[in-house]
4 protein chains.
Amino acid sequence: MENYITNIPFKLASRENHPENTIIRVGDVNIGEGLTLIAGPCAVESETALFELAQKVKASGASILRGGAFKPRTSPYDFQGIGKEGIEILVKVKELTGMPVVSEIVDATDIELFRDIDILQIGSRNMQNFSLLKAVGRTDKAVLLKRGYASTYEDFLLAAEYILAEGNSKVILCERGIRSFENYTRNTLDINAIPALHELTHLPVIADPSHSTGRSSLVRPASLAAVAAGADGLIIEVHQEPQNALSDGAQAVTPEQFDEIASTAKNIREIAYEK
Amino acid sequence: MENYITNIPFKLASRENHPENTIIRVGDVNIGEGLTLIAGPCAVESETALFELAQKVKASGASILRGGAFKPRTSPYDFQGIGKEGIEILVKVKELTGMPVVSEIVDATDIELFRDIDILQIGSRNMQNFSLLKAVGRTDKAVLLKRGYASTYEDFLLAAEYILAEGNSKVILCERGIRSFENYTRNTLDINAIPALHELTHLPVIADPSHSTGRSSLVRPASLAAVAAGADGLIIEVHQEPQNALSDGAQAVTPEQFDEIASTAKNIREIAYEK
Amino acid sequence: MENYITNIPFKLASRENHPENTIIRVGDVNIGEGLTLIAGPCAVESETALFELAQKVKASGASILRGGAFKPRTSPYDFQGIGKEGIEILVKVKELTGMPVVSEIVDATDIELFRDIDILQIGSRNMQNFSLLKAVGRTDKAVLLKRGYASTYEDFLLAAEYILAEGNSKVILCERGIRSFENYTRNTLDINAIPALHELTHLPVIADPSHSTGRSSLVRPASLAAVAAGADGLIIEVHQEPQNALSDGAQAVTPEQFDEIASTAKNIREIAYEK
Amino acid sequence: MENYITNIPFKLASRENHPENTIIRVGDVNIGEGLTLIAGPCAVESETALFELAQKVKASGASILRGGAFKPRTSPYDFQGIGKEGIEILVKVKELTGMPVVSEIVDATDIELFRDIDILQIGSRNMQNFSLLKAVGRTDKAVLLKRGYASTYEDFLLAAEYILAEGNSKVILCERGIRSFENYTRNTLDINAIPALHELTHLPVIADPSHSTGRSSLVRPASLAAVAAGADGLIIEVHQEPQNALSDGAQAVTPEQFDEIASTAKNIREIAYEK
C-alpha cells in the first residue's frame, strides 16, 4: 500500500508529477477553487420548467446547471431522454440565465451537437468507453468524468489519463457511488474516494449525492458529508415536483431542500477547509 | 425498496416500533445526544502511556476512552494484545481520569473480567457470533456493536436484535467500513449507512474513521464526513507516536491532530444538526 | 501477484512448506483422496426422518452424514435448531448406519457435547471467531472450516492457521459462496477458490453447492462444476420433502436428485482427475 | 426472489416468452447445440503465428478462432492492439482455415471494417455502451456479449435486450468473471451465472476461463467447471509462447494444454448433459 502512488501507471493525472491543484475555468466559474454547486433535473423536460428551476437553484448558490438530454438507461424500454431537443433547451436556458451547462454525451458522433454545452459529462457506464474518452479528449471542452460503479481509483485515474493524453487537461472527477452488496441504497457513496483522489491527483473532485444514495432522504447528509470530506463541488438532482419527474424522481430534492443544503454545505466548507 | 423498512424482520431495533431516539447513559455521558467523541490507542501498551494520552484526548473533548486489550487479528502470529493486564490498566486510567472506557470482548467467558469496563465492544469479525451477542445481551452494560465488514444494514440490525432480545437495550451501532474491490483504503467507509440506519432504527450510530480508511491521512476527512452525515459520535485511534504503535499505527492520528479534528467536528455538528 | 504465495503469512497451512496433500481420516473415510460426498438435512428434525434419509444418501454414495443441531441464523426469531437433542439423534443415526457425522458448533462450551460427533463444522459467520477456532484447535477432531462470506483466500488460510497452530492438523476447507452484488443467487460460488486453494495449501478443499447458490435448481450444476474444478468433496443439503423443511428448504435437493448428482459427479471426477 | 423472473423487464431475451433454446449458426457451427470451443490469442500478432495456432486449435476441436485487433486497455499506455491490420490477418486466416472468426469491436464506426468478421465481440467494459449495442443490433452479425464485470444478470440481459430490440436476435452471452474483493485471481468466475442465465434466457451462454481467472494454472479447472455447469461453449486464450505474448500472457495456455482441456471438456459435456 505504501507504494501505491509511485507504482500506478498514470502520469498526467498524477499529483506527484503536478503538485498544485488544477483549476478549471468554465464561464466565470473556477472549478477546483472553493465549492462549486451544480444542480438541475435528471432529465430535461421542457424549457419553461428548466428555466424556472435554473433561476431557483442559481438564487440558492448553484453556479452550473445540469440536465440530461441523452439518458443511458439500463433497460431499452425506459425513458431515454428527449435528445437533441433537450440540448437546445439547455442552450436556451444557458443564454437566459448566464449559467454554464453540463450534459451527458453518450456517442462521439454527437460532439458537434454539444458545441454550446460547456461541460461534457461521461457517465459511469461509459467510464471505460475508451473511444468516447479519446473523442472528448480531442475537444477543448471541460469533461465531467463519473467514476465507473465498480472502478478502482487507479482505473478511474487511467480513464482520466485517456482524456489528458489526447491534450485536454480539463477533467473534473466525480465520485457517484459504487456497487456493493447493500441494496437499501442504490449505490454506496465511497466517501474515502474524495480525500484519496486528492492525494493521488491534482484534478478537481466532486460528488454526486443523488446517484450515490438513490433516495432523496439521504441527499442532504450525503451532500454535507462529501463537502466535509473535501469535495470541490456537488452535482445534485433537483426537481420542482420529484414525484412527477420523468426520470429518477426518487432521488431528486426540491428547490427548497436544495437551498438549505447549499447554504449548510457552504458553511461546512468554510469551517473545514477555508479557515 | 419502498417496503424495505416494513418488511425487515427486526422488531426491537426498529424505529417504526420506537420512533424516538434512544439515548444511552454511560458514566455522565449521554450517547445519542449531541456528538460523543471516543478516543485512545488501538491497543493498550502501558499505564503511563495510556494515562498521558487519556488526559490529552479528554482535554480535546473526548468523553470516553478506548483501548484494546484482546485484539482479534487475522493472523495468529500478529500481536494479540496484552489481555488481562490491558483491562487492568484501562480500569486504573478510568479511575484516574474519570473517563468511561470501552474495550473489545472476544469471548463470553471474559465477561466477569470486564466488570469495570463501561462499554463492551463487539468487533466486526464477531458481529454474527450469536453466542457472544446473547452473552452480552444478558449483561446490563452498554454494547458498542461494530458492523460486519460485509454485512447489510438488515444483518447489522438483526445482530443488534440478538442483544436487545436478551433484555439489554443499550446498543450503540458503529459503521467501521465495508470490504469492497478498492485496495487503496483498508475498508470503504459506507457513509450512507449513517443516515440510513437513523431512518431504520432508534439506536445511536457512530463511525470509526480509523478502520474505515486504514490511513491516518484520511482520518480527518472521514471523521468530518461522518459527523456531517449525522453520526452521533466518532471512535478514533490516537497514539502519541503512531510510527511506534504495536498495532495499526498506519491509521492512528496524533493527539494534536485529534484536537483539531474534535474541534472542527463539533462545529460541523452544530451547523448541520443543532441549528 | 507473482509473489502472492511467498508473501502471505500462513505457515502450517502452506503448500510451500508441506508439498504433499493432507489426507484426513474420519471413521474409514479418507478426505482428500478421491471424492468424498457429505449429505443430509440442513437441520436435524427427527430420528426417523434422519435415519431414512441417511440410508438413502449412503446408498447413493455419501460417506458422511451432515445435520445441523445448532443453527446460527441471521435473525434471532428464526428457527435455531433443536440443539442438544439434535446431537443425540445424529449420534444414534451414526451408530445405526456406520456413517461418520458432521455438525456445526457455535460455542466452545459445547465441545464436550460434541464428543461423539466426528467432524466439528465452523460456519461462515464464525470463520474469524478466533476463540472458537483456538478451542477446536485444542481438540483432536477433524474440523470442517467454512470460508467467511467475505473472506479472501488469505483470511481463510489464516483462520485455518489458528486451528493448526494449536496442534490440530485435521482441517478441511469448504468454499460455500461469497457475498457479491448479485441477488438472484443467495451467494456467489467462487469456483476459482478450489484450484487456487489447492495451489496455496495442502489441506483438502470441498464445496457447498447448497449455500453457494441458495436455489435447488442450481445445486446440480454447481456440484458438478465444483468437482470439475477439483474439489475433494461436496457437502449437499438433502431433504425428503424440501418444501416442508424447517430450514433452508429452497436450496435442498431430494434423495433422488442427490443420487443422480452423486453418480455424475463421480464420473466427472474420474475423467478429469483420475485418468 | 421467487418473482425475480416475472418481474424483470427484459422481454425478447426472456425464456418465459421464448422457452426453446436459441441456436445461432455461424459458418457451419451451431452455437447453443453441444459444446462450442473458441480459441486463439488475446491479441493478433502476425499472420504466420495466427495461422499456425489456428491449425493447432482446430485440430484440438476448436471450431471458431478468436483474436483481438482493437484492445481496450485500462491504461492508455498499454499495447492497444494492431487495429485494422489485425482484422485483415484474421480474415486471411479465416480463409486459409475455414474457421469463423470473432474479434472485439470498440467503436460503431468500425462496423464496415468488421464486414468479414463473423462474430462481433462486445467487451466487458462496453457492456453498457448503449450506442455500440444499438449499432451492432442493426447488423445481421452474431454478437458475443461479455458480461460487465460488475453487472447483475438483469443488467446483462437488459444489455442483450438492447441488441435484440434492434432486430438482431443472434446474441451469445459470455460470463467472464466479476470483480470481487479477492485479488489472487484477476476476476471471480461466477459459475452460478451459467445455469442461472439458462433459467432466465433462451440465448446461448459461454464462459471465458482466461479472463475470469487471470492465471494460466487455473484455466483448466475453470474450463471444466464451466462445462460441468452447463456452458454452451468456452472462449480460451491460447498462445504458442505465453511468456512472450504481447498481451495477457499470464492467462494464456499453450496449444498442448488446450488440446487436453478440449478433450476432457467434451467428455464432461457428454456425461453431464448428453446422456
- Message: For the range C:74-82, check the following and say yes or no: at least one residue is touching a Phe, Trp or Tyr at 6+ places or on another chain (Cβ under 6 Å) and either within 14 Å of another protein chain (Cβ to nearest Cβ) or crowded, with 24+ Cβ neighbours inside 10 Å (or both).
- Response: yes
- Any idea how many residues of the range D:116-142 are closer than 30 Å to A:R186 by Cα and either aliphatic (A, V, I, L, M) or touching a His at 6+ places or on another chain (Cβ under 7 Å) (or both)? 6
- Task: Identify the single condition in (1) surrounded by fewer than 17 Cβ atoms within 10 Å (Cβ to Cβ); (2) in a loop (DSSP other than H, G, I, E, B); (3) of a type in the set (A, V, I, L, M, F, W, C) that C:F70 does not satisfy, given that it satisfies every other one.
- Result: (1)
- Message: Is it the case, given these coordinates, that C:I163 is away from chain B (no Cβ under 14 Å), touching a residue at least 24 places away in the same chain (Cβ under 8 Å) and crowded, with 24+ Cβ neighbours inside 10 Å?
- Response: no
- Item | Residue pairs meeting the criteria (Cβ under 8 Å; at least 6 apart or on separate chains; first over 18 Å from B:C42 (Cα atoms), in the range B:246-275; second part of a helix (DSSP H, G or I) and open to solvent by 60 Å² or more (accessible area, probe 1.4 Å)) | B:I271/A:N267
- Task: Name the one entry in D:D116, D:D110 that is within 14 Å of another protein chain (Cβ to nearest Cβ) and either at pLDDT below 95 or surrounded by fewer than 24 Cβ atoms within 10 Å (Cβ to Cβ) (or both).
- Result: D:D110
- Query: Among the residues of the range B:242-254, how many are farther than 21 Å from A:I194 by Cα, among the small types (G, A, S) and part of a helix (DSSP H, G or I)?
  - Reply: 1
- Message: Tally up the residues in the range B:107-120 that are free of Cβ contacts under 8 Å to residues at least 40 places away in the same chain and in contact with a strand residue (DSSP E or B) (Cβ under 9 Å, 6 or more places away or on another chain), please.
- Response: 5
- Query: Of the conditions (1) more than 18 Å from D:R179 (Cα to Cα); (2) within 12 Å of chain D (Cβ to nearest Cβ); (3) crowded, with 24+ Cβ neighbours inside 10 Å, A:V136 fails just one. Which one is it?
  - Reply: (2)
- B:P209: passes all of (1) part of a helix (DSSP H, G or I); (2) within 12 Å of another protein chain (Cβ to nearest Cβ); (3) crowded, with 24+ Cβ neighbours inside 10 Å but (1)
- Message: Considering only the range B:228-241, I want to know if a residue exists there that is in contact (Cβ under 8 Å) with a residue 12 or more places away in the chain, in a helix (DSSP H, G or I) and closer than 18 Å to A:A196 by Cβ.
- Response: yes
- Item | Restricting the range B:166-197 to residues that are among the aliphatic types (A, V, I, L, M) and either touching a residue at least 40 places away in the same chain (Cβ under 8 Å) or more than 8 Å from every other protein chain (Cβ to nearest Cβ) (or both), the residue that is nearest to A:R179 (Cα to Cα) | B:A193
- Query: Would a scan of the range D:220-228 turn up a residue that is of a type in the set (G, A, S), crowded, with 19+ Cβ neighbours inside 10 Å and more than 14 Å from every other protein chain (Cβ to nearest Cβ)?
  - Reply: no
- May I ask you to list pairs of residues, at least six apart or on different chains, whose Cβ atoms are under 8 Å apart, with the first in the range B:72-86 being at negative phi and the second being modelled with pLDDT of 90 or more and of a type in the set (S, T, Y)? B:P76/C:Y162; B:G86/B:S103
- Checked against (1) hydrophobic (A, V, I, L, M, F, W, C); (2) in a loop (DSSP other than H, G, I, E, B); (3) open to solvent by 10 Å² or more (accessible area, probe 1.4 Å), B:I271 satisfies every condition except (2)
- Task: Keeping to the range A:31-63, report how many residues are hydrophobic (A, V, I, L, M, F, W, C) and either closer than 16 Å to A:V227 by Cβ or surrounded by fewer than 21 Cβ atoms within 10 Å (Cβ to Cβ) (or both).
- Result: 9
- Might you check whether a residue that is more than 9 Å from chain B (Cβ to nearest Cβ), under 23 Å from C:A226 (Cβ atoms), open to solvent by 20 Å² or more (accessible area, probe 1.4 Å) and in contact (Cβ under 8 Å) with a residue 60 or more places away in the chain occurs anywhere in the range C:140-158? no
- Subset of the range B:230-254 that is away from every other protein chain (no Cβ under 14 Å) and under 18 Å from the mean Cα position of the chain (by Cα) - its residue that is farthest from B:E274 (Cα to Cα): B:S247
- Query: Give me the pairs: first residue in the range A:8-22 and in contact (Cβ under 8 Å) with a residue 24 or more places away in the chain, second residue in a loop (DSSP other than H, G, I, E, B) and open to solvent by 100 Å² or more (accessible area, probe 1.4 Å), beta-carbon distance under 7 Å, and six or more apart or on different chains, which are they?
  - Reply: A:K11/A:N17
- For C:G214, are the conditions met, namely being more than 25 Å from C:E47 (Cα to Cα), assigned to a loop (DSSP other than H, G, I, E, B) and touching a strand residue (DSSP E or B) at 6+ places or on another chain (Cβ under 9 Å)? no
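The values are calculated or read from the model by the stated rules, or taken from the named source; none is laboratory data. Keep in mind the model is a prediction, meaning the values are calculated, not measured. For neighbour counting, all protein chains shown are included, and Cβ atoms are generated from backbone atoms with ideal geometry for every residue, glycine included. Note: areas computed on protein heavy atoms with side chains; ligands, DNA, RNA excluded. Shrake-Rupley method; radii C 1.70, N 1.55, O 1.52, S 1.80 Å.
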